[in-house]
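The values are calculated or read from the model by the stated rules, or taken from the named source; none is laboratory data. As the structure is a computational prediction, the values presented were derived from the model and not from experiment. Counting neighbours? That spans all protein chains shown, and the Cβs are built from the backbone with ideal geometry, glycine included. Only protein heavy atoms, including side chains, enter the accessible area calculation; ligands, DNA and RNA are left aside. Shrake-Rupley method; radii C 1.70, N 1.55, O 1.52, S 1.80 Å.
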Amino acid sequence: IIGAIAPGSHLRLRHGRGPHWGPHSAPPAAAGPLSATEPPPLSAGGPSPPGMAGGLSTSDAPLGLGGAAGGAASPLYYPAVALAALTRVLREPSLVAQHRATVPPIVTVLSELGTRATPLLPDVMPLLLAAASGPDPLLVEAVVRELGALVPALGLLSRPYVPPLLELVLAHLPGPHASIQAHCICLVEALCEALRAELTPHLEALLPRMLSILRTDRSDTRMPTLRVLHALGAMATSLGDAAPPVVGELLWLPPPPRGPPRGRA
């Protein structure tokens, strides 16, 4: 998809995850129906795409390009065109088999832009959050994992999305999928490091769920437990009055499961 949009050498895949724009590359004319002189109509920081309630949107309305309204001369033009194509796949129910593979390139584009992604986030974040609310655990895991990688790149730009991100985390803590739990805890840790004390008001709802994993995790690797312990370290400065219950819970942390008894030599 991205190669068809921008076939020039300025757009290259890095680590197999998504596009990377070189600092000295001049953007070529876009191929296909997305013309370099006629970008899709956009609104900077407009409302979320329609049809989001209850699942992925079926609307094929173009992605808001925001700051790319200046056409191909804008530094956001080609990233926005790439995101428009990728999110079109994510909105299309008939392409559900491709949704999981679409999420990493979307997050890579946003991560590369960092704080410059501000005008694009209102169009992309609701789609990612809707994908994470679906019934496919593999897609949920992919989205939560990538969101955990996106938050550090966005920093304080993550602030408007804290309520839906925490709602997503609470929906899977605890849960039947240890890998999703582990990625949810990584997302919480990323939010703590990005927002610091701003996350403190939300800890009252988060901590009981996280501490319950310490009591219920019986996975072979205890990966969710290890993630919780690491996240609690990142949250230390934000715990406040919640610190004593956390310490008490850690004192009663159950030992790891023992392996099968070894036979005598």
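The portion of the accessible surface of the stretch 125-185 made up by carbon and sulfur, rounded to a whole percent, is 66 (1.4 Å probe; DNA, RNA and ligands excluded). How much length is gained if the chain between Thr216 and Val96 is pulled fully straight, taking 0.36 nm per residue apart and subtracting their Cα-Cα distance, in nm to one decimal? Between Thr216 and Val96, full extension yields an extra 39.9 nm.
Rolling a 1.4 angstrom probe over the protein heavy atoms with all chains in place gives the stretch 154-198 an accessible area of 40 Å² per residue.
So what is the accessible area of the stretch 75-131 per residue, in Å², with the probe set to 1.4 Å?
On the way: 1670 Å² over 57 residues.
Per residue, the stretch 75-131 has an accessible area of 29 Å².
Subtracting the Cα-Cα distance of Ala205 and Arg159 from 0.36 nm times their residue separation leaves 14.8 nm of extension gain. With the convex hull drawn around the C-alpha atoms of the stretch 56-210, the volume per residue stands at 96 Å³.
Treating the beta-carbon of each Lys and Arg as +1 and of each Asp and Glu as -1, no other charges, what is the dipole magnitude of the stretch 110-186 about its Cα centre, to the nearest 20 debye?
Working: 3 positive and 6 negative charges, 41 e Å.
It works out to roughly 200 debye.
Give the whole-number value, in cubic angstrom per residue, of the convex hull volume spanned by the C-alpha atoms of the stretch 188-241. Measuring per residue, one finds 66 Å³ for the Cα hull of the stretch 188-241. A cut-off of 5 Å between modelled amide H atoms, ignoring neighbours fewer than 5 places along the same chain, links Glu92 with no other residue.
Heavy-atom accessible surface of Asp217, to the nearest 10 Å², is about 10 Å², with a 1.4 Å probe and all protein chains retained.
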